[in-house]
Amino acid sequence: MKKELLVGVLGLVLVLLASAWFFRPKPEAVATTNSDVSALSASETSYDFGRISMKNGLVEKTFAVTNTNSEDVFVEKITTSCMCTTAFITRADGEEKGPYGMVGHGASVPKANETIKAGETRTVRVVFDPNAHGPAGVGLIERLVMLEDSTGGRLDLSISATVTP
């Protein structure tokens, strides 16, 4: 009888410890350095397409990105938060480079490896495919395009839409 009671108490203690760990407060993400802040900026960092229909196909938005720093910024990576979204950046010679997509989905995402000179403005074209998720992809979508520079800084560009059939 004592053995059964002891096993029961130990089991209850383990369940309580596991519950306390699972439901523990999660620490807030706090930037401790300025390396999270990119020298790149955009006058418009988010865009809402409003209601878009799957039957009308791809939609796109072009963002102007400026290096506000007094030094050149080397953009190492451009990635997207979902496979339904791709991004392209204009090179200094005016040619478009890309596409850049979601990491870990399909083919590897190429490195951007673009230097944006101090004071220079480039465009980033974001393309969203409302058909990428099939019929289940209707409703509100929110996607990000992330530009990461060599200092660890990151500029996020976001798009949103309400997808209809």
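The values are calculated or read from the model by the stated rules, or taken from the named source; none is laboratory data. This structure is a prediction, so every number in the text was calculated from the model and none was measured. Quick reminder, even Gly has a Cβ in these numbers, built from the backbone with ideal geometry, and neighbours come from all protein chains shown. Keep in mind that these areas ignore ligands, DNA and RNA; they rest on the heavy atoms of the full protein, side chains included. Shrake-Rupley method; radii C 1.70, N 1.55, O 1.52, S 1.80 Å.
Tallying residues that are in a loop (DSSP other than H, G, I, E, B) and either out of contact with any strand residue (DSSP E or B) (no Cβ under 9 Å at 6 or more places or on another chain) or open to solvent by 60 Å² or more (accessible area, probe 1.4 Å) (or both) within region 118-151 yields 5.
Applying the condition of being among the hydrophobic types (A, V, I, L, M, F, W, C) and not in a loop (DSSP other than H, G, I, E, B) to region 35-51 and asking which residue is most open to solvent (accessible area, probe 1.4 Å) yields Val37.
To keep it simple, each residue is scored yes or no on (1) in contact with an Asp or Glu (Cβ under 8 Å, 6 or more places away or on another chain); (2) among the charged types (D, E, K, R); (3) farther than 15 Å from Ser160 by Cα; (4) open to solvent by less than 60 Å² (accessible area, probe 1.4 Å).
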position: Ser53; (1), (2), (3), (4): no, no, no, yes
position: Val59; (1), (2), (3), (4): no, no, no, yes
position: Thr62; (1), (2), (3), (4): no, no, no, no
position: Thr66; (1), (2), (3), (4): yes, no, yes, yes
position: Ser70; (1), (2), (3), (4): no, no, yes, no
position: Ile89; (1), (2), (3), (4): yes, no, yes, yes
position: Tyr100; (1), (2), (3), (4): no, no, yes, yes
position: Gly104; (1), (2), (3), (4): no, no, yes, no
position: Ile116; (1), (2), (3), (4): yes, no, yes, yes
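Ser108 meets the conditions (1) without any contact (Cβ under 8 Å) to a residue 24 or more places away in the chain; (2) hydroxyl-bearing (Ser, Thr, Tyr); (3) surrounded by 14 or more Cβ atoms within 10 Å (Cβ to Cβ) in every case but one. The failed one is (3).
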